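**Q** I'd like to ask some things about the structure below.
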Amino acid sequence: MSWEPVIGLEVHVHLKTRTKMFCRCPVGFGAPENTQTCPVCLALPGALPVVNRTAVEWTIRLGLALGCRIAEHAVFSRKNYFYFDNPKGYQISQYDLPFCINGKVQVPTADGDNMVRIVRAHLEEDAAKTVHVGGRTGRIRGADYSLVDFNRGGTPLVEIVTEPDIGSAEEAKRFLQILRQTITELGISDAEMEKGTLRVDANVSVRPAGSKELRTRTELKNMNSFTFVARGIDAEVARQTAVWESGEAVRQETYDFDATTGALTPHRAKEEADDYRYFPEPDLVPIEPPAELVERLRSELPELPAKRIRRLENDLELERATVLVTSGLDSLWQQAVAAGAEKIPAANVVANNVVGAGLDPAAVSAKELAKLVDARERIPRAAFDEAISKLAEPGFSADPYLAQETVSDEAELEPIIARILDASPGQVEAFRGGKEGLLGFFVGQVMKETGGKANPRVVSELLRAKLK
Ligand SMILES: [Zn+2]
């Protein structure tokens, strides 16, 4: 019997608003610990929350981009739990009346679009950051003591929950890439897993291939890149499959995935019981987003990544189109093509070289890029790489690099090669007798003859052909 994975994701996104969710403390990373706090986010008695309007608008904007219905009546609720990362004893979150429900995200694949349904996207405040000092695991168990940084406490967070509509680790990664690109293009978050501004938990189960049943699922936490999310899912799918095949049953548990060892270890939750005793936050009135606001935000949505991938597929393969769009470089590619670059070579240069160099696409001159794409095989590799690395510098010109153009014209090179081979019959014979190392000697002769202008790759190819 074969098994198929059933995957749902929960994604937390930090909004990059100027101030926190319910107070005017600044949001930002890198400030000294516990310097961005006030009576509201420290939960001093009598302090009252005030909703951050920008955070609400951004949540609605995101919900619209995820194809959600926007609630006409949304409510903040208290989620009660006791832990030292939250001095109030509860987190202000949303429960039965979140801002965004019933969405759908298009994930282009080779077999058509996979539609991942979105259950909800709600707005809440983050807890403070805790650091456990001492001990081997960096967790609270076995630590000597724990520290709390309240700078993060009360910062706005959107939680996005999908239905279990994802059928493989690879598809989960693709969904996350599209989601992240959507979020960054909306300008509401940097959505970087390494910085913790985007966090992903995966709910994983397996079932006999083709069936519709939903078996016991487990939750995977603490994966800090999309690649690790995919690896964690693969490891958990393999583990569950082995459990079912051995005649046992999968138990509902939460696991931490350790990407360096590939090990799954049971996670100790800070609250064992799931009873958060939610109730509507009495210090905040319900929010009823006006229809005009929602329609304005809808009209301001950019063309979404999945749509652009499908549009680029008119010219490029799906994989190439996906890389360009999910790295935010598709418009640079389009501009380079408009400036005269050939489509596929331009896509390759942008996807391989420009992505690799980590350049800011907005700073790149598409015209200079187009020149480099055109000349990529005629200038020395080192010059090409250097030019790419400087592409985003102000006033960059490709011309000095194009001036290093090498001679690759076979008609020009062949007579030179013929002359050199005629002049060294001994070496030619030795090469044909198996001393292939002599190729370097011939290449060197050609370079000398052409004053270093010949393209070494073309010269090698021509020499090999002639020396057969
Ligand atoms: Zn504050």
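FYI, it's all coordinate maths here, none of it is from the lab. Note that the structure is predicted; figures quoted are calculated from it, not measured. Don't worry about glycine lacking a Cβ; one is built from the backbone with ideal geometry, like all the others, and counts go over all protein chains shown.
**Q** Between Glu281 and residues 5 or more places away or on another chain, which pairs have amide H atoms under 5 Å apart, with H built 1.01 Å from N, and which residues are they?
**A** Phe76, Ser77, Arg78
**Q** So what does log10 I(q)/I(0) come out to for the range 327-402 at q = 0.11, 0.15, 0.23 Å⁻¹, using the Debye formula with one equal point on every Cα and no solvent?
**A** Taken in order of the listed q values, log10 I(q)/I(0) reads -0.21, -0.39, -1.02.
**Q** While we're here: With a cut-off of at most 10 other beta carbons within 10 Å, and DSSP calling the residue loop, which GluC sites (Glu not before Pro) in the range 203-252 qualify? Please list them.
**A** Numbers: sites: Glu213, Glu219, Glu236, Glu245, Glu248; in loops: Glu213, Glu248.
Qualifying residues, ordered by number: Glu213, Glu248.
**Q** For a footprinting-style exposure proxy, rank Ile183, Ile92 by other Cβ within 10 Å, fewest first. Don't jump to the answer; show the numbers that get you there.
**A** Numbers: Ile183 25, Ile92 20.
So the ranking, lowest neighbour count to highest, is Ile92, Ile183.
**Q** At q = 0.10, 0.14 Å⁻¹, what log₁₀ I(q)/I(0) does the chain have when each alpha carbon counts as one equal point scatterer in the Debye sum?
**A** -0.88, -1.34
**Q** Which are the unpartnered cysteines of the chain, meaning those with no other cysteine Cβ under 4.7 Å from their Cβ?
**A** So, Cys23, Cys25, Cys38, Cys41.
**Q** Please report, in cubic angstrom per residue, the volume enclosed by the convex hull of the alpha-carbon atoms of the range 183-266.
**A** Details: hull volume 10.0 nm³, N = 84.
For the range 183-266, the hull spanned by Cα atoms encloses 119 Å³ per residue.
**Q** Select from the range 318-425 those GluC sites (Glu not before Pro) which occupy a DSSP coil region and have at most 16 other Cβ atoms within 10 Å, ordered by residue number. Display every interim value, and only then the final one.
**A** Details: sites: Glu319, Glu342, Glu368, Glu377, Glu386, Glu405, Glu410, Glu412; in loops: Glu342, Glu377, Glu405.
Counting only loop positions with at most 16 other Cβ atoms within 10 Å, the GluC sites (Glu not before Pro) in the range 318-425 are Glu342, Glu377, Glu405.
**Q** Counting residues in the range 223-316 as N, plug N into 2.2 N^0.38 Å and put the Cα Rg over that result. Intermediate values should be presented prior to the final figure.
**A** Numbers: Rg = 22.2 Å, N = 94, 2.2 N^0.38 = 12.4 Å.
Taking N as the residue count of the range 223-316, the ratio is 1.80.
**Q** Further question: Based only on other Cβ atoms within 10 Å, what is the fewest-to-most ordering of Trp333, Trp3, Trp58?
**A** Trp3, Trp58, Trp333
**Q** Then there's this: Cβ under 12 Å from Leu391's Cβ, Leu391 left aside: what net charge do those residues give with Lys, Arg +1 and Asp, Glu -1?
**A** Spelling it out: positives minus negatives among the neighbours equals -2.
**Q** For the range 241-394, state the average projected area of the convex hull of the C-alpha atoms over all orientations, rounded to one decimal in nm². List each step's numbers first, then the result.
**A** Working: hull surface 74.5 nm².
The directionally averaged projection comes out at 18.6 nm².
**Q** For the range 40-181, how big is the tail of P(r) above 19 Å, as a whole percent of Cα pairs? Walk me through the numbers before you get to the answer.
**A** Numbers: 6137 of 10011 pairs.
Tail of P(r) above 19 Å: 61 percent of Cα pairs.
**Q** A further question on this structure: Among Phe228, Val40, Gln335, which residue has its Cα positioned farthest towards the positive end of the charge dipole of the chain, with +1 placed on the Cβ of Lys and Arg, -1 on the Cβ of Asp and Glu, and the dipole taken about the Cα centre?
**A** Val40
**Q** Output the relative contact order of the chain, whole-number percent, from Cα pairs under 8 angstrom with separation of 6+ residues.
**A** Working: 829 pairs, mean separation 66.6, N = 468.
Relative CO of the chain lands at 14 percent.
**Q** While we're looking at this one, here's another question. Which log10 I(q)/I(0) values does the range 1-105 give at q = 0.18 Å⁻¹ under the Debye formula, counting every alpha carbon as one identical point scatterer?
**A** -1.06
**Q** With charges set only on the Cβ (+1 for Lys and Arg, -1 for Asp and Glu), what does the dipole of the range 39-135 come to about its Cα centre, in debye to the nearest 20? Don't skip to the end; give the middle numbers.
**A** Details: 10 positive and 9 negative charges, 29 e Å.
Rounded to the nearest 20 debye, it is 140 debye.
**Q** Report, to the nearest 10°, how far helix 169-186 tilts away from the longest principal axis of the Cα atoms in the chain, using its own Cα long axis and a range of 0 to 90°.
**A** Long axis of 169-186 versus the principal axis of the chain: about 80 degrees.
**Q** What are the semi-axes of the equivalent ellipsoid of the range 307-365, taken as the square roots of 5 times the eigenvalues of the Cα gyration tensor, listed largest first and rounded to whole Å? Mind showing how you got there, number by number?
**A** On the way: eigenvalues 51, 32, 21 Å².
Equivalent-ellipsoid dimensions as semi-axes: 16, 13, 10 Å.
**Q** If you don't mind, another one. If Rh is defined by the Kirkwood formula over all Cα pairs and Rg also comes from Cα, what ratio Rg/Rh do you get for the range 410-467?
**A** Values: Rg = 10.4 Å, Rh = 11.2 Å.
With Rg and the Kirkwood Rh in hand, the quotient comes to 0.93.
**Q** When the Cα centres of the range 53-115 and the range 121-151 are compared, how far apart do they sit, in Å?
**A** 24 Å
**Q** Moving to a separate point now. Remind me, relative contact order of the range 97-200 in percent, using alpha carbon pairs under 8 angstrom and six or more residues apart?
**A** Values: 151 pairs, mean separation 22.5, N = 104.
For the range 97-200, the relative contact order is 22 percent.
**Q** Let me ask you something else. Count the net charge of all other residues whose Cβ sits under 10 Å from the Cβ of Val27, scoring Lys and Arg as +1 and Asp and Glu as -1. Before the final figure, lay out each step's value.
**A** On the way: positive: Lys16, Arg18, Lys20, Arg152; negative: Asp126.
Neighbour charge sum, excluding Val27 itself: +3.
**Q** If you don't mind, another one. I'd like to compare 451-461, 153-163: which one has the highest average count of other Cβ atoms within 10 Å, and what's the full order after that? Kindly include the intermediate steps, with their values, before the conclusion.
**A** Details: 451-461: 16.6, 153-163: 24.1.
Result, highest mean Cβ count within 10 Å first: 153-163, 451-461.
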